């Protein structure tokens with residue numbers, strides 16, 4: 001009996017020692033798994049915001065005088081043109097090139113108005129402002145560099161594209177080009193563990209946009225500030 005008890009004790013001791021020496025199981029890499037799921041390749045974004053206005057320059061209407069022997073010029077009135085602020089809606093498609101670099105294209109629509117202020121009438125008429133509503137379409141493509149975080153991901157971006165503006169009766173259409181630069185931030189709202197969707201994020205953008213061409217009265221044009229916010233879905 002003593003020998004049997006001794007053998008059982010030795011067996012228990014040996015199993016306890018083996019279990020003590022066995023390395024603990026590694027924790028499940030939850031963060032690595034979440035990051036792997038968040039490394040999406042395509043993003044769709046819907047934005048709504050405000051397309052900022054800008055000045056289009058100033059001109060002066062003149063008439064020739066009857067001075068002899070040379071004719072001078074007398075100013076009739078001055079005009080100052082500008083584009084007003086307007087709500088804008090925008091859809092964007094992004095494709096990841098590297099870990100931090102994305103290529104992104106977008107389509108936007110806004111209805112600003114072309115305002116022409118007439119001042120300095122030689123006959124003393126009161127100043128007046130004429131407004132003509134426009135339909136404005138912009139198609140652009142650019143690069144975006146992103147600092148990816150667990151929840152907040154700031155980015156900078158820049159690019160260019162195509163501008164088309166039409167007047168209210170749609171009888172006059174002018175085309176031009178667009179260049180923009182700015183930045184923004186993505187704030188992750190949810191991450192899917194499975195399925196076709198990778199994540200849903202809130203997005204905010206702010207960028208300066210330079211318009212060249214289109215409906216305008218002068219080549220002098222200040223940049224327009226475009227501020228927008230919306231939702232991004234990753235795949």
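Just so you know, all these numbers are worked out from the coordinates, no wet-lab data involved. Predicted model only: the values in this text are computed from it and were never measured. Ideal geometry is used to build each Cβ from the backbone, glycine not excepted, and the neighbour counts take in all protein chains shown.
For this structure, a couple of remarks:
- Computed over the stretch 79-235, the ratio Rg/Rh where both radii use C-alpha atoms and Rh is Kirkwood: 1.10
- Entry for the stretch 89-130 at q = 0.29 Å⁻¹: log10 I(q)/I(0) = -0.97, Debye formula applied to identical alpha-carbon scatterers, no solvent contribution.
- Projected label distance in nm at residue 174 and residue 111, using a 7 Å step from Cα toward the beta-carbon: 2.1 nm
- Calculated FRET efficiency for the pair residue 40/residue 85, C-beta based, R₀ 30 Å, to 0.05: 0.30
- Over the stretch 161-213, the ratio between the Cα radius of gyration and 2.2 N^0.38 Å evaluates to 1.84.
- The stretch between residue 145 and residue 99, if pulled fully straight at 0.36 nm per residue, gains 15.6 nm over its current Cα-Cα span.
- The stretch between residue 210 and residue 73 holds 45.9 nm of extra length on full extension. This uses 0.36 nm per residue minus the Cα-Cα distance.
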